[in-house]
2 protein chains.
Amino acid sequence: MSIKQVAKEAGVSIATVSRYLNSPEHVREKTRLKVQEAIDKTGFSRNALARNFRRGKTSLVMVVLSAVGDPFFSGVMRGIWRVARREGYSILISETQFNTTGFNEYADMVFSKQADGIILLASISPFMRDGGAGSSALERRADGTVPPVVIGCETVTPELSHFPSVRVDNIGAAREAAGHLIDLGHKRIAFISGAHDSLLTSDRERGYRAAMEDAGLPVAEGWVQEGQLSIDGARRATRELLALESRPSAIFCATDEMALGAMHEIRAHGLEIPGDISIIGFDDMRYAATASPPLTTIAQPAEEIGEHTMERLCRAMRGDDIGAEPEVVPHRLVLRSSTAPPRE
Amino acid sequence: MSIKQVAKEAGVSIATVSRYLNSPEHVREKTRLKVQEAIDKTGFSRNALARNFRRGKTSLVMVVLSAVGDPFFSGVMRGIWRVARREGYSILISETQFNTTGFNEYADMVFSKQADGIILLASISPFMRDGGAGSSALERRADGTVPPVVIGCETVTPELSHFPSVRVDNIGAAREAAGHLIDLGHKRIAFISGAHDSLLTSDRERGYRAAMEDAGLPVAEGWVQEGQLSIDGARRATRELLALESRPSAIFCATDEMALGAMHEIRAHGLEIPGDISIIGFDDMRYAATASPPLTTIAQPAEEIGEHTMERLCRAMRGDDIGAEPEVVPHRLVLRSSTAPPRE
DNA sequence: CCATGTTATGTAAACGTTTACAATTAACAT
DNA sequence: ATGTTAATTGTAAACGTTTACATAACATGG
């Protein structure tokens, strides 16, 4: 079962077996054969627990996301996996969903050697939730050590700005999305954001507001609604929007997920898309194209984001200094059929 | 940094510190205070690597699924997480997507202590891909040890039938779905399956065929198409179906994902759903309700499946004998607007 | 104050690797 | 042969915990 048995079986020392496993080129052909034979015979498989312990690394990377089900994240994940596999890492996933795990609890994971590094894809609180077990990683950085963390596709709060990120230019992209509606001739444009504390959508809201301002258009009372990043939330938000006396002729949803909800609600009211109301989303997730009508949206290069994020993290884990600058990847406006000039 | 430093700082032995961490009730109040103080002062956080090594368990469970993005799986994951968190496990996720990792490579993960147990949500090959590094877990079972594995929502091949599963009655449910179409008066009913080697959908196909046979309806040449479990695959399959001279008036898709693709293709041909063609899916994933028209489908209790699977695995990891019987959870036909009586 | 039982703490071994260093062997030129 | 160097193998310590066992401290009742 253990290296020791194999050594005995092969008539060599445990060091030789270990070497055979780690650098076979350093053991003589003849010995190699003996050892391999012993391994086959004993059915040995090296204890990863002991190995990782001895080497002081877990070979695990923790990925924190808000919802596994999100089709956009799944693209990012695929990119992460690709390089993880190449670099010999396994991926540990944590969903923040309802619980309010703070940043420090994740940082602690690397200090307590549960993972070698962390990728943050979700908005998490930069502060620890009170009552934590006396561990405060953010402060412990005083030791000089910063846990290897990379933030993918997420706006960074000032407190977390020590860490690098890989993302799209959310403000610019949102500006472009709103700009598209403005170019079509829309004047009454609403915005469905995430939650008020979601960093993810706050930059997009900023872009929306900037575009409106640039065009000299007002953002009327009630035109910015929270959609909770969910389908149902977006339906509620849309209902509010449709009840407004200055009902918008176009809605910019901060995520495709919410756009789907909005479209559903609009149809439920017997209105047409894009005839009565235009809709534009953000993410270009898998189901955007099969929506009816197919959804106009901003595409993010999900896999690329994943790959770059993981690559950067790998460098950080190797000990390289990767700085704290955000890496901006290109977005793209994807024109489909959910947007059109306003009717009037 | 280590327990040793804390011990020195607190003026106690390392055993006491360890006990303080694992069973504080066994250390005197006064000592507890000293130790806690020392921990705070040194900023100690216990090395999980060493701990797991010593205890011989990883506290990790590997979940194998075909695609993270699948909204149905994400429901299952949520259930798994809930009990994982409660039982102190973290979740390692592996996506089979393109690579053909076989069962043995996963079984090896528990023998090599990379994970304590495995949950299989995807169809994987029961055999090892050749060229594996001399490890054959399936044979090593001769040692009497069976790695703790539970199969969720998946039909089991004979080779894997040593392992328990938690799933819906796929045959019965598919029968019900096809039956619904038959009850509506459809006679020409097509079926879009997964891949030919996908265990997932083969039972559903069986149910479909059984229902057709029961009703004395023929399954004409070309009425069963492979949709590759993907949107695009389903679009291609649907295209084939629409080109048939005996064009079906209803299509039963083995998954909602494919149903979305089918609907998209049908609309692209200028046909109406359910007017010209009825569609029924399977899974009741999140986006089924927001499709246009909302999709009639078979709902599976995703979270419940996840919970039960994980619970059973926990028992297995604890060493209990959990048998190999499948646990069948209830499904439910969800009537929405994508099905209607045939026009003629 | 002693005997006794209970509870708290310390000592030291163990878990299965990896790896620095020492020791041996092989290879080769003299 | 003999020395010199390089390649291979062995010895043993180390990694940070947990835990069985031994010991010490304390409390209780006589």
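Quick note: the coordinates plus some simple rules give every number you see, no bench work behind them. As the structure is a prediction and not an experimental result, all values here were calculated from the model. Neighbour counts are summed over all protein chains in view; Cβ atoms, including those assigned to glycine, are modelled from backbone coordinates with ideal geometry.
Sorted from nearest, the other copies put their B:Arg315 label points 5.1 nm away, the label point being 7 Å from Cα in the direction of Cβ.
Shielding by partners for B:69-79, please: the mean number of other protein chain Cβ atoms within 10 Å of each residue's Cβ.
Working: counts 14, 4, 8, 1, 3, 8, 2, 1, 5, 6, 0.
Counting other chains' Cβ atoms within 10 Å and averaging over B:69-79 gives 5.
The peptide list B:323-334, A:165-176, B:256-267, put in order of mean Cβ contacts within 10 Å with the highest first, becomes B:256-267, A:165-176, B:323-334. For segment B:1-66, the set of chymotrypsin sites (Phe, Trp or Tyr not before Pro) satisfying both a DSSP loop assignment and a count of at most 14 other C-beta atoms within 10 Å is empty. For segment B:207-344, give the share of DSSP beta bridges that are antiparallel, in percent and rounded to the nearest 5; count only bridges with both residues there. Roughly 40 percent of the beta bridges in segment B:207-344 run antiparallel, per DSSP. Each residue of segment B:62-75 is assigned a 3J(HN,Hα), and the resulting list reads 8, 10, 9, 9, 7, 7, 4, x, 4, x, 5, 4, 5, x Hz, derived from the Karplus form 6.51 cos²θ - 1.76 cosθ + 1.60 (θ = phi - 60°), x at Gly and Pro.
Taking the beta-carbon count within 10 Å as an exposure proxy, list B:Asp276, B:Asp108 from fewest neighbours to most. Numbers along the way, then the final one.
Values: B:Asp276 15, B:Asp108 21.
Ordered by Cβ neighbours within 10 Å, fewest first: B:Asp276, B:Asp108.
Summary for A:Arg82: label point 7 Å along Cα→Cβ; distances to the equivalent points in the other copies, ascending, 3.6 nm. Shape verdict for the protein assembly as shown, please, from the Cα gyration tensor: rounded (a/c under 1.5), prolate (a/b greater than b/c) or oblate. It comes out oblate by the Cα gyration axes.
Considering all C-alpha pairs of segment A:3-46, those separated by over 11 Å amount to 56%. The overall shape of chain A, judged from the alpha-carbon gyration tensor, is prolate: a/c is not under 1.5, and a/b is greater than b/c.
For a quick protection proxy, order the peptides B:30-40, A:111-121 by their average other-Cβ count within 10 Å, most packed first. Show your work: numbers first, answer last.
Values: B:30-40: 16.5, A:111-121: 23.4.
Sorting B:30-40, A:111-121 by mean packing, highest first, produces A:111-121, B:30-40.
Between rounded, prolate and oblate, where does segment B:170-301 land on the alpha carbon gyration tensor, with a ≥ b ≥ c its root eigenvalues, rounded for a/c under 1.5, else prolate if a/b exceeds b/c? Rounded is the answer for segment B:170-301, as its axis ratio a/c remains below 1.5. Each copy carries a label point for B:Arg206 at 7 Å from Cα along the beta-carbon vector; from one copy to the others these points are 5.7 nm apart, nearest first. Between the amide H of A:Phe191 and those of A:Val224, A:Gln225, A:Phe252, distances stay under 5 Å, these residues lying 5 or more places away or on another chain, with hydrogens modeled in the peptide plane. Ranked for footprinting exposure by Cβ neighbours inside 10 Å, fewest first, B:Ile298, B:Ile151 give B:Ile298, B:Ile151. With a 10 Å cut-off around each Cβ of A:260-273, the average count of Cβ atoms from other chains is 2.
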